[in-house]
Amino acid sequence: MKYCIYYQAHIPREFCWFLTATLRSYEHVAFDRTLDKEKSIFEFFVPESMESLFLQVMARFEKEGVVQDLKRLPNRLLSEKF
């Protein structure tokens, strides 16, 4: 089984709704969810075939200040025990 590529980023609270709505308008680009509500940290699960498009969208968001500190990390689901 293949797992998605994993990213985390800080999203300023005033942009959370905008980011989520925009990503959902791109079908199958990424699944997003809040990892840490207090710190406004989001996690993104990105299919390998959609990584290029995801990074294009996120680069634009970074330029506009919607996304901060985007980083690719090891998929946390692979390290958790089920």
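Scanning region 24-82 for residues that are touching a Cys at 6+ places or on another chain (Cβ under 8 Å), in a strand (DSSP E or B) and closer than 17 Å to Lys2 by Cα gives Phe31, Phe45, Val46.
The residue that is farthest from the chain's Cα centre (by Cα), among those in region 1-30 that are hydrophobic (A, V, I, L, M, F, W, C), over 11 Å from Val67 (Cβ atoms) and surrounded by fewer than 16 Cβ atoms within 10 Å (Cβ to Cβ), is Met1.
Whenever a residue of region 26-41 is of a type in the set (S, T, N, Q), its partners that are surrounded by 14 or more Cβ atoms within 10 Å (Cβ to Cβ), lying with C-beta atoms within less than 7 angstrom and at least six residues away or across chains, give the pairs Thr34/Phe42; Ser40/His10; Ser40/Ile11; Ser40/Cys16.
Taken together, the values in this text are just the output of simple stated rules run on the coordinates, not laboratory data. It should be emphasised that the depicted structure is a prediction, and the values quoted were computed from it without experimental measurement. Positions of Cβ are generated from backbone atoms using ideal geometry, with glycine treated the same way; all protein chains shown enter the neighbour counts.
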